[in-house]
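Here is the structure we will look at.
No value in this document is a laboratory result; all are computed from the given coordinates. Source: prediction; values computed, not measured. Don't worry about glycine lacking a Cβ; one is built from the backbone with ideal geometry, like all the others, and counts go over all protein chains shown.
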Amino acid sequence: MANHRFSSVSEEEPCCNISKKTQICLCVFFGLLIAVIIAVPVGILMWRPPPKQWKGEGTTAHLYEILLGRCYTYTQIVRPELGHKDCQKIGKAFTKAFLMKDPCSSTEQDYQLLMELTDEAVPCDKTLFWSKSSELAHDYTRVRRDMFTLEDTLLGYMADGLKWCGDPGSSEMNYHSCPDWREDCSNNPFSVFWNTVSKRFAEDACGVVHVVLNGSISNTFDERSTFGRVEVFNLHPEKVNRLEAWVMHDIGSVHSDSCSSSSVNDLKQILKRRNITFSCQNNYGPIRLLQCVKNPGDSSC
């Protein structure tokens, strides 16, 4: 052991012979490798599949802004007695009801908060339903401002003519397509909303209520319509003592149905079983006058 000598390593001699260029390349390589290791799982977490293509129209452009604007217009100008309503909360509750949710699994409960925030009393004897006669009914309430269709209430006014839906994988609205109630699913946000607000509108009705029916079609009272499925069956007999139907015929058209038709009689029987009195008029005078204003030269006017 005494004869063995250990030679010292020169401090200036490198432990491994790697060129400066190679060192730079290795640094770049390992930097990229680390970036990929971090980016791949983050990308997987952030990636969302594209929204499903539905058969119906997509969400109305600028939906939230339209809802907010209509809310302020209604509560500050149309019905200033509702000026205490919080339109910011109402707008957020509306979109919260369908965003980040399966658009084919909407429920009445989704709209519960919205319903509470927009509670509104319609005076007795002033409720006007309609079925396949939207234009005539709304022409009438524009003149008779004390009468209310659903679209003359706050929620109906805000949502009238709009479309909306979301997607479970996104916090954004789906502007490309929304479920069609016939071809995709009936439990979509749009259909569930209108069924929910129609139910409340009927439940709140009192006194004598009215409905405008279209007598120019063969099935004047359609049990599959919102009026036939939802509203008729949510009238409370202890609050509503009579429903009066106005069967209207288009100016110049053939009178397909009248108060004596079988479909109108079906409505009468449903109401009878629910202990609600029924009455009916063909071509109710005030609404007929509105029709004639648009058709002054017709012989029937």
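Straight-line reach from Lys272: which lysines fall under 24 Å, measuring Cα to Cα and dropping same-chain residues less than 8 apart?
Straight-line reach from Lys272, under 24 Å: Lys126, Lys132, Lys199, Lys239.
What are the ³J(HN,Hα) couplings of the range 242-247, residue after residue, when phi is run through the Karplus curve with 6.51, -1.76, 1.60 and θ = phi - 60°? Round to Hz, x for glycine and proline.
Listing the rounded values in order: 7, 10, 10, 9, 10, 8 Hz.
For Lys92, go through the lysines and keep the ones whose alpha-carbon is under 20 Å away, minus same-chain ones fewer than eight residues off.
Within reach: Lys101, Lys163.
Alpha carbon centre of the range 252-285 versus the range 88-144: separation in Å?
26 Å
What trypsin sites (Lys or Arg not before Pro) does the range 187-231 have in DSSP loop regions with at most 15 other beta carbons within 10 Å? Before the final figure, lay out the partial values.
On the way: sites: Lys199, Arg200, Arg224, Arg229; in loops: Arg224.
Of the trypsin sites (Lys or Arg not before Pro), the ones in loops of the range 187-231 whose Cβ has at most 15 other Cβ atoms within 10 Å are Arg224.
Report ³J(HN,Hα) in whole Hz for each residue of the range 81-88, in order, from the Karplus equation J = 6.51 cos²θ - 1.76 cosθ + 1.60 where θ = phi - 60°; Gly and Pro get x.
Karplus-based 3J(HN,Hα) across the range 81-88 equals 5, 9, x, 7, 5, 8, 5, 5 Hz.
Check each of the GluC sites (Glu not before Pro) in the range 182-277 and keep only those in coil by DSSP with at most 11 other C-beta atoms within 10 angstrom; list them in order.
Values: sites: Glu183, Glu203, Glu223, Glu231, Glu238, Glu244; in loops: Glu183, Glu223, Glu238.
Here the sparse-neighbourhood loop sites are Glu183, Glu238.
Residues with beta-carbon under 15 Å from that of Asp180, excluding Asp180: net charge, scoring Lys, Arg +1 and Asp, Glu -1? Intermediate values should be presented prior to the final figure.
Numbers: positive: Lys52, Lys55, Lys163, Arg182; negative: Glu57, Glu183, Asp184.
Around Asp180, the charge tally is +1.
Considering only DSSP states other than H, G, I, E and B, which chymotrypsin sites (Phe, Trp or Tyr not before Pro) in the range 141-188 qualify as loop sites with at most 12 other Cβ atoms within 10 Å? Each step should come with its number before you reach the end.
Details: sites: Phe148, Tyr157, Trp164, Tyr175, Trp181; in loops: Trp164, Tyr175, Trp181.
Within the range 141-188, no chymotrypsin sites (Phe, Trp or Tyr not before Pro) qualify (loop, at most 12 other Cβ atoms within 10 Å).
Between the range 55-86 and the range 174-207, what is the C-alpha centre distance in whole Å?
Computed from Cα coordinates, the inter-centre distance equals 17 Å.
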